[in-house]
Amino acid sequence: MTPGGGGGMMCARFAMTATTISEPHRSTTATAAGVIAILFWSTAIATSRHAGEQVGAITTGMLTYGGAGLAGIIVLAATGRLRATLALPRIYLLSAGICCMLYGVTLYLAIHLCQDRLQLVTVATLQYIWPSMIIVLGIPILGHRAGPALVLGTVLALAGVALALYPPGTPPGAWMDALTGRWPAYLLALCAGV
């Protein structure tokens with residue numbers, strides 16, 4: 001049975017209209033979108049580095065984010081949600097756009113400034129800070145509650161980043177040695193991550 005009763009899943013798929021989507025279809029679509037996002041995310045750093053070597057960091061970022069923005073507009077228009085999106089408060093659209101632009105610029109410059117593959121891996125690992133920061137900032141900004149699971153998850157995520165950056169057996173001062181002469185890429189990656 002579908003939520004709301006009657007008909008089963010097969011009827012629910014045929015009964016969809018342009019404004020309502022059945023729960024099973026929404027779940028399948030969200031899962032597919034999640035898998036695609038994981039595929040893009042997992043290849044983004046290597047692809048960005050390769051493309052950046054060919055045409056430059058800023059051009060690569062502009063083409064990537066410009067293409068993604070155009071694809072987003074097409075999807076919103078095709079699903080009839082473009083007008084509702086443009087009706088959002090201008091300050092929200094402007095601040096979100098600026099954050100996205102700054103993220104893209106700092107990330108692509110950090111990737112471009114990497115001197116070797118090890119530094120590129122470090123920059124890529126620093127990108128895993130921003131999901132944790134979104135969760136943590138959701139507490140004061142969105143009023144989310146900080147339960148034990150949230151605290152534990154955030155601590156484990158940040159510990160995972162630290163462990164990936166400096167595995168067991170790494171000398172205590174190694175992080176200072178790694179920063180010597182390479183700090184611009186790390187600083188940009190940290191800014192992008194935050």
Please list, ordered by first then second residue, the pairs with beta carbon atoms under 8 Å, 6 or more apart or interchain, first in the stretch 82-95 and assigned to a helix (DSSP H, G or I), second open to solvent by 70 Å² or more (accessible area, probe 1.4 Å) and not polar (S, T, N, Q).
Leu82/Ile73; Leu93/Leu86
Can you tell me which residues in the stretch 143-177 are in a helix (DSSP H, G or I), in contact with a helix residue (DSSP H, G or I) (Cβ under 7 Å, 6 or more places away or on another chain) and modelled with pLDDT under 80?
Ala164, Leu165
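In the stretch 122-142, which residues are open to solvent by 90 Å² or more (accessible area, probe 1.4 Å) and of a type outside the set (Ser, Thr, Tyr)?
Ile134, Pro140, Ile141, Leu142
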Return the only residue of Val75, Val105, Val121, Val55 being modelled with pLDDT of 85 or more and under 30 Å from Leu158 (Cβ atoms).
Val105
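The values are calculated or read from the model by the stated rules, or taken from the named source; none is laboratory data. In this text the structure is predicted, and so the values were computed from the model without any measurement. Glycine gets a Cβ as well: all are built from the backbone with ideal geometry, and neighbour counts include every protein chain shown. Accessible surface areas use protein heavy atoms only, side chains included; no ligands, DNA or RNA. Shrake-Rupley method; radii C 1.70, N 1.55, O 1.52, S 1.80 Å.
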